[in-house]
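Here's the structure we're looking at; comments come further down.
The values are calculated or read from the model by the stated rules, or taken from the named source; none is laboratory data. Worth saying up front: this structure is predicted, and the values here are computed from it rather than measured. Areas reflect the complete protein model, heavy atoms only, side chains present, ligands, DNA and RNA absent. Shrake-Rupley method; radii C 1.70, N 1.55, O 1.52, S 1.80 Å.
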Amino acid sequence: MSNAFTALIWWVIPLAGLLGALGYVVWVTQFKSKFESETTRSVGQFQRFQDSFRAAEITTNTAANTDELDELTDPSTDGAPAGSSTSD
């Protein structure tokens with residue numbers, strides 16, 4: 001390697017690090033809160049989406065339990081297992 005190229009590397013790498021650090025500071029101070037609020041809003045929308053499925057599942061399970069309860073309390077059945085006879 002030539003001396004000029006080595007000298008260029010010793011200037012370019014620290015300069016890139018300095019620009020990266022300054023860019024990060026600017027991003028944190030100016031733009032980070034905007035991205036955090038959008039993320040929070042997105043997470044909130046996703047949680048509402050998940051809750052809608054939970055609410056639908058509870059409604060479905062409640063309706064199924066009501067049907068099972070109706071079958072258990074139906075007076076037209078004698079409660080005997082299928083295929084068995086209660087009269088001898």
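Things worth noting here:
- Residue check, Ala21 among the aliphatic types (A, V, I, L, M), modelled with pLDDT of 85 or more and open to solvent by less than 100 Å² (accessible area, probe 1.4 Å): yes
- Which numbered condition Ala55 fails, given (1) more than 22 Å from the chain's Cα centre (by Cα); (2) part of a helix (DSSP H, G or I): (1)
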